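Inspection log for the structure reproduced underneath, given as structure tokens.
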Amino acid sequence: MVKQNQPQQRAAFAIVTVVLPGPDRKRNPAPYLFHITYRNPNPTELGCVMTWNVTGGREEYQIAAERTDDGYLYWHCTCPDAVYHGENRHAYCCKHVHGLQALLDTIGNPARRERTVA
């Protein structure tokens, strides 16, 4: 019996480095690593679209992008800034989410629409 060699499929996960204001008081620019941990095979479905682990600051944080019923992306981050400002979710995004959104804008993500605040 001959075993056929089939190409192995690799997960399309990546690590991206983004320079953001650092965790020190002077906010010196520091590299933050965004590691994709989950990607929905159908990104237009409702629910979780992608998740990332963020390292480079004081601790490791998680970011998730959730697609809502009306087609917008709702961003979640576990950093203290995002948790503290949680009651104003629609009006505030932490630096981790802003950095990731800026990265997605530069690579041309056409599916990203955000809810506007009135």
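The values are calculated or read from the model by the stated rules, or taken from the named source; none is laboratory data. Values in this document were obtained by computation on a predicted structure and should not be read as measured data. Methodologically, a virtual Cβ is constructed for each residue, glycine included, from the backbone with ideal geometry; neighbour enumeration extends over all protein chains shown.
For segment 25-39, the criterion of a residue being at pLDDT 90 or above, within 13 Å of the chain's Cα centre (by Cα), assigned to a loop (DSSP other than H, G, I, E, B) and among the β-branched types (V, I, T) is satisfied by no position. Candidates in segment 35-78 are the residues that are among the aromatic types (F, W, Y) and touching a residue at least 24 places away in the same chain (Cβ under 8 Å); of these, the one that is nearest to T17 (Cα to Cα) is W52. Kindly check whether there is at least one residue in segment 91-102 that is at pLDDT below 85 and surrounded by 14 or more Cβ atoms within 10 Å (Cβ to Cβ). Yes, there is a match, as at least one residue in segment 91-102 is at pLDDT below 85 and surrounded by 14 or more Cβ atoms within 10 Å (Cβ to Cβ). Pairing residues of segment 1-29 that are over 17 Å from H96 (Cβ atoms) with residues that are basic (K, R) and at pLDDT 55 or above, at Cβ distances under 9 Å and at least 6 apart in sequence or on separate chains, gives A11/R39; A12/R39; F13/R39.
Of all residues in segment 40-64, which are among the hydrophobic types (A, V, I, L, M, F, W, C) and in a strand (DSSP E or B)? Those that are among the hydrophobic types (A, V, I, L, M, F, W, C) and in a strand (DSSP E or B): C48, V49, M50, W52, V54, I63, A64.
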